[in-house]
Every structure is written in structure tokens, then in C-alpha cells.
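Report on one structure; see the data block that follows.
The values are calculated or read from the model by the stated rules, or taken from the named source; none is laboratory data. What you see is a predicted model; the values in this text were computed from it and never measured. Note that we place each Cβ from the backbone using ideal geometry, even for glycine, and neighbour counts take in every protein chain shown. For accessibility, only protein heavy atoms count, side chains too; no ligands or nucleic acids. Shrake-Rupley method; radii C 1.70, N 1.55, O 1.52, S 1.80 Å.
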Amino acid sequence: MTATRKAARQRVHQRIRKKVAGTAQRPRLAVHFSGKHVYAQVIDDDAGRTLAAASTRERLLGDKKLAANRAAAELIGKTIAERSLAKKLECVVFDRGGFFYHGKVKALADAARATGLKF
């Protein structure tokens, strides 16, 4: 039995990462949710480079105080999709980071798809 929920999530994420890898043609859209913030990165695992990133910690998203909720996840999904499309990255592979595909994760993914990312 795992000691904490975080340890269990990390074990699930390791299992997912065995199968999910990003390339230059199809990078990995990785998401992470802390207690206060939402993070998303588009990563080329072959080169070990982050191609695009967005988080609720950025000042560019406005003066609004953003919490780690569904509304913030939708905003981050839209933002990461716009930044990826600006760099001509249309297809990605989605890495849910060990989190359940429900709630905030689903909201971020749906917003990214609605903006034009394909996965």
C-alpha cells in the first residue's frame, strides 16, 4: 500500500511515461496541478526541450487571482494551445501526469482541443 496519494500518483505517472513520449513531430502535452496552480508544457522528449509552456503563475494571464480550479484549467488549456499553434505544433500526445482524466484535467484537455490542438 502506498504511503500517500502523491506517491500513488507518481507511480501511475511513471507507468504512463513508459508508454507516452514526445517527439519533434508530435510533442508531449504534460499537465500538473499543485494545490494552488495549474501548469502545462509541450515537451520534445527526444531533444529534452520545452517547446511551449503556460501556468497560472504567469502575469501575462491578467491581474485576476487564479486558483487551481476548472476555470483556470480551461484558461491554461486555451493558452497552451494558442502558444503551440503559434509555433506550428498542431498534434501532441496528452500526458495527464498520473491525475484522473476528470474535472480539471478534462477541462484543460477539452479547452486545448477546442482551440485547435489535435490529440
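Scanning the range 92-119 for residues that are touching a strand residue (DSSP E or B) at 6+ places or on another chain (Cβ under 9 Å), surrounded by 14 or more Cβ atoms within 10 Å (Cβ to Cβ) and not in a loop (DSSP other than H, G, I, E, B) yields a count of 8. Scanning the range 54-74 for residues that are open to solvent by 40 Å² or more (accessible area, probe 1.4 Å) and either in a strand (DSSP E or B) or small (Gly, Ala, Ser) (or both) yields a count of 2.
Just one of (1) within 11 Å of the chain's Cα centre (by Cα); (2) over 18 Å from residue 22 (Cα atoms) fails for residue 114. It is (1). Considering only residues in the range 1-33 that are under 27 Å from residue 87 (Cα atoms) and charged (D, E, K, R), the one that is surrounded by the most Cβ atoms within 10 Å (Cβ to Cβ) turns out to be 28. Looking across the range 42-63 at every residue that is among the β-branched types (Val, Ile, Thr) and under 17 Å from residue 87 (Cβ atoms), the one that is nearest to the chain's Cα centre (by Cα) is identified as 42.
Among the residues of the range 34-53, those identified as closer than 27 Å to residue 7 by Cβ, out of contact with any Gly (no Cβ under 7 Å at 6 or more places or on another chain) and open to solvent by 20 Å² or more (accessible area, probe 1.4 Å) are 34, 35, 36, 37, 39, 41, 48, 50, 53. In the set (1) in contact (Cβ under 8 Å) with a residue 24 or more places away in the chain; (2) of a type outside the set (Val, Ile, Thr); (3) under 20 Å from residue 84 (Cα atoms); (4) in a loop (DSSP other than H, G, I, E, B), residue 39 fails one condition alone, (4). For residue 81, the conditions (1) out of contact with any strand residue (DSSP E or B) (no Cβ under 8 Å at 6 or more places or on another chain); (2) surrounded by fewer than 16 Cβ atoms within 10 Å (Cβ to Cβ) all hold with the exception of (2). Out of 25, 10, one residue alone is polar (S, T, N, Q), over 14 Å from residue 95 (Cα atoms) and not in a strand (DSSP E or B). It is 25.
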